[in-house]
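Since the structure comes first, as structure tokens, the remarks are kept for the end.
The values are calculated or read from the model by the stated rules, or taken from the named source; none is laboratory data. Bear in mind the structure is a predicted one, so any value in this text is a computation, not a measurement. Every residue, glycine among them, receives a Cβ derived from its backbone with ideal geometry; neighbour counts consider all protein chains shown.
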Amino acid sequence: MSGRIQEAINSTATPLEQRAQWQALLAHANENGARSLQDFFDADPHRGSRLCGEAAGLYLDYSKQRVDATTVSLLVALADACGVDKAIAAMFSGARINTTEDRPALHVALRAPLTERIELDGHSVVPDVHAVLEHMANFSAQVRDGRWTGFSGKRIRNIINIGIGGSDLGPVMAYEALRHYSQRDLTLRFVSNVDPTDFIEATRDIDPAETLFIVCSKTFTTEETLTNAQAAREWCLASLKDPAAIPRHFVAVSANPEAVGAFGIDPANRFGFWDWVGGRYSMDSAIGLSTMIAIGADNFRDMLAGFRAMDVHFRDTPFVRNLPVLMALIGVWNTNFLGAETVAVLPYAQYLKRFPAYLQQLMMESNGKQVSLEGHRMGVQTGPIYWGEAGTNGQHSFYQLLHQGTRLVPCDFIGFCQSLNPLDKQHDLLMANLFAQGEALAFGKGADAVRAEGSVEALVPHRVFEGNRPSSTILFDRLTPHALGALVALYEHSAFVQGRIWNIDSFDQWGVKLGKQLAKSAQAELLAELPDLRHDSSTNTLIRHYRERRLGEETRDGKERR
Ligand code: F6P
């Protein structure tokens, strides 16, 4: 571990909850706890235009959060005490801030201009990034204009991304988000689950001769991805008959050239990235190859420019006006001082329907940690649960709980002022719903108002909306590639700031390992009829139950499988 990082760890060794700034926030929460959003707005008629900010084309309104100027300055003092400024500088400089894996987390280099110098062990990484972008642009153009053909000479019509986690969620989210800009004669599909259904359904109606697989895996060791890639290989060979077809129908995105070569993919068609790009921070690296094929290199670069605009804002703006920092601090306030356990992400944009799933990995794999950097058990809660659904669909599903449930669920509303698909006044209706939901959550409807509507007395408690439920609203003019980049970078940096405050490593993911290990040994036991099962009694019984039934009823009686 580098001396610099060790120093940073030591400097934050005081447990968070014992810090004076934390204690000050606790006292403030106790004093201010009784103040409602209605009180805040009554006290400051201009609150709605004061507690907001703009950067990189993104407008953030946080006036419906339960904070005032004192809360914000106490939170900023906490950020200062936790060394957030030094951590930001360390990230941008390529320091090994992912301490448990002894690596930088340098996703900001993926969107840095060539003029920027970011050194890693004396080597400038930005030219490497741009070389890969060129490689991607060149290849994408060939697929898009038909110069890249399949083995039989047929034009590629279908692109299937095989990957999981960061090698799937970013690409599928970005494709859906930017579908408006996509080349419509190309079909893009995404296979991630090791459930064979995912692969079978993705390929059932397409021709292997017209299909290109992008095998996306940073490590090229992920079992789900390699299993699906193998299935894809067999599917292709069953039809194209010749192993020489593989290099025309498979390309890879990976940091592991040896494994890519061993699979039979032409090294010239490996799009590289580096161990300093975390999987969940990789949608703007070569992992975004499917995105670039869909929307073209110019649009992809526009997306990178959106990321970069938010990066620069994050790096250079004082914390009181710094949108990712403010989002992060408000999240800490809601989680640690108001007791919220989740965050609902509610994009009022059908194109962003996969955005909540994407954010789940970004935020929960980053900040779902139980020990501090020093390895001590956390004394406070860390990352909240992220979940959500595109509006207005969620309104007819779980919003009941948001409005009248017993839990506090802060919401992030995301909307666009202009529709990419105008249809009469439908977009206005969509946005009216977004604004109405934030207002209803914040201000509710009291018993008097319910009575004034003529409600029978017995129903009054059922019809009351308590309000005082916090939300933020993010608005853009239009859903452009630039806007998507800025939006993703907002959350990336927000996750990082929260991690620094909680003093955890936001860039490792040790918690995914145990299940993978156990699955490996359990798989052998499902197939081999080893009588000696050494799990707990529940797992043993489940495995026996599965073994008895896995081939269908008649096989159990020694007859043919149905
Ligand atoms: O599940 C853990 C994880 O390592 C994620 O962090 C990552 O995005 C995913 O697996 C896929 O990894 P790879 O790109 O190496 O296949």
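Summary table
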read-out: Residue tally, condition more than 16 Å from the ligand (Cβ to nearest atom) and either within 19 Å of GLY278 (Cβ to Cβ) or among the hydroxyl-bearing types (Ser, Thr, Tyr) (or both), over the stretch 191-205; value: 2
read-out: Residue in the stretch 165-172 that is surrounded by fewer than 19 Cβ atoms within 10 Å (Cβ to Cβ) and in contact (Cβ under 8 Å) with a residue 24 or more places away in the chain present; value: no
read-out: Complete set of residues in the stretch 361-385 that are part of a loop (DSSP other than H, G, I, E, B), within 18 Å of ILE330 (Cα to Cα) and within 14 Å of the ligand (Cβ to nearest atom); value: GLY368
read-out: Candidate set from the stretch 551-562 (those that are in a helix (DSSP H, G or I) and within 23 Å of ASP195 (Cα to Cα)); member that is modelled with the lowest pLDDT; value: THR555
read-out: For ASN421: the one exception among (1) surrounded by 12 or more Cβ atoms within 10 Å (Cβ to Cβ); (2) in contact (Cβ under 8 Å) with a residue 12 or more places away in the chain; (3) of a type in the set (S, T, N, Q); value: (1)
read-out: Options PHE151, PHE139; residue that is hydrophobic (A, V, I, L, M, F, W, C), crowded, with 16+ Cβ neighbours inside 10 Å, away from the ligand (no atom under 16 Å from the Cβ) and part of a loop (DSSP other than H, G, I, E, B); value: PHE151
read-out: Subset of the stretch 349-387 that is of a type in the set (Gly, Ala, Ser) and closer than 17 Å to ALA174 by Cβ - its residue that is surrounded by the most Cβ atoms within 10 Å (Cβ to Cβ); value: ALA349
read-out: Long-range neighbours under 8 Å by Cβ, at least six apart or interchain, first residue free of Cβ contacts under 8 Å to residues at least 24 places away in the same chain within the stretch 351-373, second β-branched (Val, Ile, Thr) and surrounded by 18 or more Cβ atoms within 10 Å (Cβ to Cβ); value: GLN370/THR382
read-out: Those residues of the stretch 42-53 which are under 18 Å from VAL72 (Cβ atoms) and without any contact (Cβ under 8 Å) to a residue 60 or more places away in the chain, in sequence order; value: ALA43, ASP44, HIS46, ARG47, GLY48, SER49, ARG50, LEU51, CYS52
read-out: The stretch 155-173: number of residues that are over 17 Å from ALA232 (Cβ atoms) and away from the ligand (no atom under 16 Å from the Cβ); value: 1
read-out: Output for the stretch 125-136, where each listed residue is acidic (Asp, Glu) and within 16 Å of the ligand (Cβ to nearest atom); value: none
read-out: Among residues of the stretch 313-347, those that are closer than 21 Å to GLY83 by Cβ and in a helix (DSSP H, G or I), counted; value: 21
read-out: Residue satisfying condition, being closer than 18 Å to LEU304 by Cα, out of contact with any Gly (no Cβ under 8 Å at 6 or more places or on another chain) and assigned to a loop (DSSP other than H, G, I, E, B), within set LEU133, LEU114; value: LEU114
read-out: Some residue of the stretch 179-190 being within 16 Å of the ligand (Cβ to nearest atom), touching a residue at least 12 places away in the same chain (Cβ under 8 Å) and closer than 22 Å to PHE300 by Cβ; value: yes
read-out: Selected residue (only one of ARG19, ARG66, ARG50, ARG4 is at pLDDT 95 or above and loosely packed, with under 15 Cβ neighbours inside 10 Å); value: ARG50
read-out: Matching residues, the stretch 435-450, being farther than 19 Å from PRO461 by Cβ and crowded, with 16+ Cβ neighbours inside 10 Å; value: GLN437, GLY438, ALA442
read-out: Qualifying residues in the stretch 277-290 (those that are touching a Leu at 6+ places or on another chain (Cβ under 7 Å) and assigned to a helix (DSSP H, G or I)) - the one nearest to the ligand (Cβ to nearest atom); value: ARG280
read-out: Test result for GLY122, within 16 Å of the ligand (Cβ to nearest atom) and closer than 30 Å to PHE92 by Cα; value: no
read-out: The stretch 259-276, subset under 21 Å from the mean Cα position of the chain (by Cα) and within 13 Å of the ligand (Cβ to nearest atom), residue surrounded by the fewest Cβ atoms within 10 Å (Cβ to Cβ); value: ASP275
read-out: Residue that is modelled with the lowest pLDDT, among those in the stretch 508-550 that are acidic (Asp, Glu) and loosely packed, with under 12 Cβ neighbours inside 10 Å; value: GLU529
read-out: Output for the stretch 213-258, where each listed residue is among the hydrophobic types (A, V, I, L, M, F, W, C), in a helix (DSSP H, G or I) and buried (at least 17 other Cβ atoms within 10 Å of the Cβ); value: LEU226, ALA229, ALA231, ALA232, TRP235, CYS236, LEU240, ALA245, ILE246
read-out: Residue satisfying condition, being in contact with a helix residue (DSSP H, G or I) (Cβ under 7 Å, 6 or more places away or on another chain) and under 28 Å from ALA34 (Cβ atoms), within set LEU362, LEU373, LEU402, LEU352; value: LEU402
read-out: Residue match in the stretch 493-507 (condition: out of contact with any Leu (no Cβ under 6 Å at 6 or more places or on another chain), more than 16 Å from the ligand (Cβ to nearest atom) and at pLDDT below 90); value: no
read-out: Those residues of the stretch 206-242 which are within 15 Å of the ligand (Cβ to nearest atom), in contact with a helix residue (DSSP H, G or I) (Cβ under 6 Å, 6 or more places away or on another chain) and either closer than 22 Å to ASP185 by Cβ or without any contact (Cβ under 8 Å) to a residue 24 or more places away in the chain (or both), in sequence order; value: PHE213, ILE214
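Let's see how each residue does on (1) closer than 30 Å to ALA109 by Cβ; (2) in contact with an Asp or Glu (Cβ under 7 Å, 6 or more places away or on another chain); (3) hydrophobic (A, V, I, L, M, F, W, C):
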site	(1), (2), (3)
GLU134	yes, no, no
GLY165	yes, no, no
MET173	yes, no, yes
PHE199	no, no, yes
THR211	no, no, no
THR219	yes, no, no
ALA231	no, no, yes
ASP242	no, no, no
